[in-house]
Amino acid sequence: MDDVTRQRTLPETSQTFAGAKGEACAVTLNGPNPLRTLLAGACAVLLLSGGLGIGSAAEAAGLDAAASPATPLAQHYTVIHHNPDRESYVEGPGLVRLDDGGLLAVVPVVPRSEWSQARRVEHSRTHIVRSLDAGQTWRAVAQLPYYSGVPWVHRGILYLFAMKGGTEFRNDDLLLLRSRDGGNSWSDPVTLFKGHFWNCHTGMVVRDRRLYWAVDDLSFGMLYRGPRIVAGDLSHDPMDPRSWRLSNPVPFPGLPESLTSAKFADRTSQYLEPNVIDVHGQLRVLMTVKAKRQSTTGLAAVLDVNDDGRELRLKFTQFHPVPGGQLKFCVIWDEVSRLFWATTNLAADGQGAFDWRPAGGPGGDGRVGGNDRPFLMLFYSLDGLNWFQAGCVAQAGKISQSFMYAKPVIDGDDLAIISRSSLKAPNHHDADFATFHRVRDFRRLALTLVPEPEGQ
């Protein structure tokens with residue numbers, strides 16, 4: 001496959017597609033019927049499948065377009081990156097909008113668990129991929145030797161938090177790189193903090209000329225990892241390690257037994273993948289909670305941040321229901337709607353009531369039901385704790401498939417979303433694609449959450 005991926009979206013009018021070998025096919029839709037759009041898209045994109053062996057998004061995800069009247073908001077996608085190597089997988093990707101309007105995706109590809117310890121130091125790669133046409137096509141522009149990468153932009157300059165593959169622990173050190181040409185070339189890395197840190201692209205906050213993000217500290221072990229806040233003084237050079245501070249870690253405090261079923265008492269629990277949000281002036285951290293390996297779904301951890309400019313403190317506050325809290329979610333703030341927006345995954349069967357995972361078959365990984373990942377959802381919130389459903393972004397058709405670990409970015413009136421996607425992968429976790437989805441005019445999906453003044 002060449003480095004410019006082929007389009008898998010279909011607008012509501014006539015569209016000409018170039019096939020895998022250059023053949024042209026015109027498909028005309030008679031009006032904006034969502035089902036007709038889905039079916040016509042499947043026909044058109046089937047011609048494009050060529051080397052990828054994929055038809056439409058619905059076909060690739062194992063969906064029957066006529067089986068349900070409900071249509072996801074952004075089922076059609078374009079391929080940002082495809083990893084055909086069955087011994088590695090697409091890790092949590094990142095996405096930013098550059099000041100020139102282009103989109104930049106960061107796609108880590110790392111060894112699968114069977115080969116992770118032996119290969120992750122030398123064989124982890126982070127792919128930098130750009131789109132200049134609002135996500136319709138993508139071109140690889142760089143490749144970096146890191147296990148994970150998280151992009152962000154400050155004053156028009158692109159930066160990348162990077163984490164290396166480790167030996168004793170899975171990941172080593174928190175690095176920072178800079179690009180002055182939109183991701184084509186990168187500076188040498190500077191080490192902000194030595195240690196064992198990891199996160200994928202989750203929510204950040206910039207306020208008072210400081211950037212706040214959070215990482216997992218793996219030095220407590222993969223199971224008992226704890227979050228730490230990273231704070232950068234943006235009034236100074238971000239590439240100077242002296243501009244950065246690191247909070248205390250907060251190891252997992254354990255779960256009350258009443259939150260889980262005794263049926264799963266032998267399973268472990270943990271929290272991970274922290275988001276930083278600003279709730280009416282209070283910096284908070286929201287974290288994924290895997291309660292007895294996701295047998296209790298929709299639960300997150302809440303931590304509070306205090307920063308007096310010298311000491312940066314983080315403390316556990318409570319557990320709180322969050323839809324999709326059992327799997328990585330990403331929270332961003334939209335200044336126009338004055339709402340938080342989050343991409344999450346909802347589980348359809350939290351405790352394995354249905355026999356969807358045959359032993360030894362696709363999806364038969366021995367995990368509890370709540371670990372299923374077909375439904376990528378969009379929610380919005382006023383306070384970061386209570387969430388309203390905006391809709392389903394994309395749906396996979398099989399338990400062995402997924403759209404997950406998404407990162408949304410505001411692009412005008414739309415939400416641009418990157419997903420780590422298992423379409424033809426060995427299982428729902430070890431993804432083979434990074435896909436791009438666009439939710440158009442996303443703010444129209446939100447109810448008015450602020451009450452009207454009394455007495456009017």
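The values are calculated or read from the model by the stated rules, or taken from the named source; none is laboratory data. This is a predicted model, so every value here is computed, not measured. Cβ placement follows ideal geometry from the backbone for every residue including glycine, while neighbour counts extend to all protein chains displayed.
Of note:
- Residue list for segment 399-415, restricted to those being under 18 Å from Leu346 (Cβ atoms) and either surrounded by fewer than 24 Cβ atoms within 10 Å (Cβ to Cβ) or in contact with a Cys (Cβ under 8 Å, 6 or more places away or on another chain) (or both): Tyr405, Ala406, Lys407, Pro408
- For segment 78-124, the tally of residues that are crowded, with 17+ Cβ neighbours inside 10 Å and among the basic types (Lys, Arg) stands at 2.
- Residue in segment 447-456 that is among the small types (Gly, Ala, Ser) and not assigned by TED's automatic domain parsing to the domain that holds Asp278 present: yes
- Pairing each residue of segment 224-238 that is farther than 21 Å from Pro274 by Cα with any residue that is among the polar types (S, T, N, Q) and outside any strand (DSSP E or B), provided the two are 6+ apart or on different chains, yields C-beta distances under 6 Å for His236/Ser243.
- Taken over segment 296-331, the criterion of being small (Gly, Ala, Ser) and within 20 Å of the chain's Cα centre (by Cα) is satisfied by Gly298, Ala300, Ala301, Gly324, Gly325.
- When residues of segment 246-265 are limited to those that are without any contact (Cβ under 8 Å) to a residue 40 or more places away in the chain and among the hydroxyl-bearing types (Ser, Thr, Tyr), the one nearest to Lys292 (Cα to Cα): Thr260
- Test: Gln294 is touching a strand residue (DSSP E or B) at 6+ places or on another chain (Cβ under 6 Å) and either over 22 Å from Ile332 (Cβ atoms) or not assigned by TED's automatic domain parsing to the domain that holds Glu335 (or both): no
- Hey, Leu272 assigned to a strand (DSSP E or B) and either farther than 16 Å from Leu327 by Cβ or of a type in the set (Val, Ile, Thr) (or both) or not: no
Residue-wise test of (1) in a loop (DSSP other than H, G, I, E, B); (2) at pLDDT 95 or above; (3) surrounded by fewer than 16 Cβ atoms within 10 Å (Cβ to Cβ).
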position	(1), (2), (3)
Asn306	no, yes, yes
Val331	no, yes, no
Ser337	yes, yes, no
Asn345	no, yes, no
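- The number of residues in segment 193-204 that are assigned to a strand (DSSP E or B) and either surrounded by 23 or more Cβ atoms within 10 Å (Cβ to Cβ) or outside the structural domain of Glu311 (by TED's automatic domain parsing) (or both) comes to 2.
- Here segment 401-453 is the region considered, the condition is being part of a strand (DSSP E or B) and of a type in the set (Lys, Arg), and the residue that is farthest from Asn199 (Cα to Cα) is Arg438.
- Contacts under 7 angstrom Cβ, first residue in segment 335-352 being without any contact (Cβ under 8 Å) to a residue 24 or more places away in the chain, partner outside any strand (DSSP E or B) and of a type in the set (D, E, K, R), 6 or more apart: Asp349/Asp372
- Given (1) basic (Lys, Arg); (2) within 30 Å of Asp85 (Cα to Cα); (3) without any contact (Cβ under 8 Å) to a residue 60 or more places away in the chain, index of the condition Arg444 fails: (2)
- Of all residues in segment 165-219, those satisfying the criterion of being hydroxyl-bearing (Ser, Thr, Tyr) and within 28 Å of Asp99 (Cβ to Cβ) are Ser179, Ser185, Ser187, Thr191, Thr202, Tyr212.
- Criterion applied to Leu283, Leu255 was being assigned by TED's automatic domain parsing to the domain that holds Leu327, among the hydrophobic types (A, V, I, L, M, F, W, C), assigned to a strand (DSSP E or B) and closer than 20 Å to Leu385 by Cβ, and the one residue passing it is Leu283.
- Among the residues of segment 219-230, at least one is surrounded by fewer than 21 Cβ atoms within 10 Å (Cβ to Cβ) and of a type in the set (Phe, Trp, Tyr).
- Checked against the criterion of being over 21 Å from Ser243 (Cβ atoms), modelled with pLDDT of 95 or more and aromatic (Phe, Trp, Tyr), segment 187-196 contains not a single residue that satisfies it.
- Within segment 231-254, restricting attention to residues that are out of contact with any His (no Cβ under 9 Å at 6 or more places or on another chain) and of a type in the set (A, V, I, L, M), the residue that is surrounded by the fewest Cβ atoms within 10 Å (Cβ to Cβ) is Met239.
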